[in-house]
Amino acid sequence: MDNFVMILTVFILAIFVGFEIITKVPPTLHTPLMSGSNAISGITVIGALVLAGQINSSPLAQILAFVAVIFATINVVGGFLVTDRMLKMFKKKD
Amino acid sequence: MLSQNIVNIAYLVSAMLFIFGLKGLAHPRTAVKGNRIAALGMLVAIIATLLSSKFEWQYIILGVAIGSVFGAIAAMKVKMTAMPEMVGLFNGFGGAASVLVAGSALVAAMQYASANAPGIQMKIAIVASGIIGSVTFFGSYVAFGKLAEFLAVKWKLYPWQKIVKYGFSLIIAAGAIWFGVISYREAGTPLTIGLMLSGIAIGGLLLLKKDRFPGMNTLKVVLGILTLVLGVLVVLNPWNTMLFWVLVGTSGVLGVLLTFSIGGADMPVVIALLNSYSGLAATATGFVINNNVLIISGSLVGASGIILTNIMCKAMNRSIANVLFGVLGPTSETPSADDVYAGKIKATSAEEIAMLFDGARRVVIVPGYGMAVAQAQHAVNELANLLEQKNIDVSYAIHPVAGRMPGHMNVLLAEANVEYNKLHEMDEINPMLPQTDVALVIGANDVVNPVARTDPHSPIAGMPIIDVDKARTVVVIKRSLRPGFAGIPNPLFALDNTLMFFNDGKKAILDIISAVKES
């Protein structure tokens with residue numbers, strides 16, 4: 001239970017941090033914000049990787065995790081690349 | 001192999017990089033770098049994970065390779081007008097990944113059931129991942145299908161739309177039946193029927209050609225309760241993994257129902273809400289595998305999605321419950337189009353508009369999604385540059401729901417080389433409109449409808465709008481007097497200071513450009 005309280009603390013504090021930094025993102029960048037944060041939510045990939053590669057695991061557990069790796073990697077790679085592509089379009093004449 | 005402490009420190013570093021990265025998005029100047037910092041954070045987390053233990057590599061390498069290829073192709077090929085579809089789909093992938101990781105963790109834990117039974121935190125987190133992830137996945141698929149216009153429509157579909165629509169329904173229904181039959185042979189529990197029924201329900205619902213049916217809201221509530229009950233049962237009885245899959249199945253039906261009835265105008269809200277869910281799903285998965293970096297990143301995304309959902313709801317003067325349960329605002333006594341327009345519409349020509357610009361000092365362009373549909377954004381930029389050469393001050397007024405997702409219009413204009421400092425938010429531009437000579441409305445309708453301010457009975461009553469009617473002259477480029485999403489006539493078109501230019505958006509702008517050049 002101690003561990004639970006600790007990660008709950010992390011969770012709550014992270015939400016506060018999230019609200020603080022996201023409110024500073026201007027409306028102009030809301031689409032890149034969504035695609036970029038989408039890529040960040042692909043962090044699930046690290047859980048998927050561990051379960052997909054676990055030695056002596058059950059085949060079902062591994063296959064489920066394998067599909068999860070594919071989905072999460074699409075999110076990560078696609079998300080960061082498309083955000084980069086979009087952000088490079090935002091220019092200002094000097 | 002790295003020690004667990006070093007891995008955890010690497011995770012901390014990656015969480016910090018995510019936060020710095022998102023901070024970079026506070027300004028277009030620093031945003032590219034910010035995004036790359038966040039990507040670096042992801043790389044750190046992945047490398048640390050892969051060095052944390054001994055692995056069987058085949059699934060890891062294959063999975064990452066397949067995902068990277070698909071992700072890269074999608075990112076390079078997608079058109080900017082199709083960003084909402086892509087983000088919608090990606091939200092769903094995040095949800096699916098969470099469900100699968102939770103399921104995998106449950107199956108793996110059950111294998112060693114006698115040795116270390118999952119604790120209460122893990123059990124609740126698995127249930128949360130299952131519910132949120134499944135709702136997100138199926139809800140996002142519906143959002144994607146509605147944006148790509150192949151779900152809940154009556155018209156004829158393109159071949160690729162048919163393949164996706166029927167293929168997905170078939171895979172879900174057949175997959176659930178197949179998994180159910182196999183599990184029944186192994187374990188013999190009657191619960192498998194629940195899974196099969198959910199799969200068939202999802203597959204069937206997705207084939208409907210109408211987005212509403214009687215009793216839909218009751219069904220949403222019933223399924224919501226059923227899902228919660230099943231969730232409690234999974235927590236009490238985690239050894240029965242089939243119970244978890246039934247939970248995922250009913251959550252999927254719920255996800256389909258919740259998004260299926262949502263109309264096109266509300267799509268920006270839904271996409272933002274699902275974005276938030278995909279983050280929360282990642283957080284729940286973090287609680288399953290006891291991992292801080294998942295919890296932190298998931299919370300950041302969850303917070304971002306909630307903020308955007310709020311902004312979108314405010315911009316349309318709707319509440320989330322309204323959107324999800326498909327309640328429209330008061331719709332009584334809307335005046336008919338004839339009453340509003342009869343004899344008051346003044347049509348104009350490109351030459352007349354060019355003359356207007358001749359005497360103008362300040363022009364505000366109000367683009368709507370119709371402009372992007374007509375592919376007119378490059379022409380609009382050309383016109384704006386031309387006007388600036390004549391020392392006219394040109395700015396753009398962007399309503400928060402001008403596109404089909406938050407900030408969509410800004411991206412479309414940025415793609416057409418419009419500089420971002422010329423794009424102004426509604427609250428910024430409204431005080432400037434009374435001093436504006438010409439407001440040029442192109443492809444926008446409901447977001448400039450003054451009825452939102454004046455008629456408390458209108459379906460868009462109270463929605464914040466861009467006050468173009470306060471400009472000296474309003475020029476509206478539109479194909480016809482057809483209403484927007486709200487389905488109501490727009491008295492703006494009949495005002496004394498409004499001129500209508502009935503034309504295709506792109507052709508209209510090109511005509512105006514040549515007329516301006518000649519004058």
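What follows draws every value from the coordinates through simple rules; no lab data is involved. Nothing here was measured: the structure is a model prediction, and the numbers come from that model. Every residue, glycine among them, receives a Cβ derived from its backbone with ideal geometry; neighbour counts consider all protein chains shown.
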Once you have the alpha carbon radius of gyration of chain B, what is it after dividing by 2.2 N^0.38 Å, with N set to its residue count? 1.10
Packing-based order for B:469-480, B:364-375, using average beta carbon neighbours within 10 Å, highest first: B:364-375, B:469-480
Tell me whether region B:93-324 comes out rounded, prolate or oblate; compute the Cα gyration tensor, take square roots of the eigenvalues as a ≥ b ≥ c, and use a/c under 1.5 as the rounded threshold. oblate
Volume per residue of the C-alpha convex hull in the protein assembly as shown, rounded to whole Å³: 148 Å³
Enter the mean projected area of the convex hull around the alpha-carbon atoms of region B:184-286, in nm², rounded to one decimal. 7.9 nm²
In debye, nearest 20, what is the charge dipole magnitude of chain B about its Cα centre with +1 on Lys and Arg Cβ and -1 on Asp and Glu Cβ, if you could check? 1080 debye
Once you sort the root eigenvalues of the Cα gyration tensor of chain A as a ≥ b ≥ c, which label holds: rounded (a/c under 1.5), prolate (a/b larger than b/c) or oblate (the other case)? oblate
Could you bin all the Cα-Cα distances of region B:1-78 into 5 Å bins starting at 0 and give me the percent of pairs in each, rounded to whole numbers? 3, 15, 16, 17, 20, 16, 8, 4, 1
Under the rule rounded for a/c under 1.5, else prolate if a/b exceeds b/c, else oblate, using alpha carbon gyration tensor axes a ≥ b ≥ c, region B:104-206 is classed as prolate
As a check on your grasp of the helix formula, calculate [θ] at 222 nm for chain B: sum -39500 (n - 2.57) over DSSP H runs of n ≥ 4, divide by the residue count, round to the nearest 500. -20500 deg cm²/dmol
Could you give the size of the charge dipole of chain A about its Cα centre, using +1 on the Cβ of each K and R and -1 on the Cβ of each D and E, expressed in debye and rounded to the nearest 20? 520 debye
Positive dipole terminus of region B:361-491, leading residue within B:Ala376, B:Tyr420, B:Met405 (C-beta point charges): B:Ala376
In degrees, nearest 10, the alpha-carbon axis of helix B:28-50 is tilted away from the dominant principal axis of the alpha carbons of chain B by 10 degrees
Among the aspartates and glutamates, select those whose C-alpha is under 16 Å from the C-alpha of B:Lys146, and discard any that sit fewer than 8 residues away in the same chain. B:Glu85, B:Asp211, B:Asp266
Based on Cβ point charges of +1 for Lys and Arg and -1 for Asp and Glu, what charge dipole magnitude is obtained for region B:1-90 about its Cα centre, in debye rounded to the nearest 20? 360 debye
Links exceeding 23 Å between C-alpha atoms in this model, out of B:Lys390/B:Lys422; B:Lys77/B:Lys478; B:Lys162/B:Lys209; B:Lys422/B:Lys470; B:Lys54/B:Lys123, come to B:Lys77/B:Lys478; B:Lys54/B:Lys123
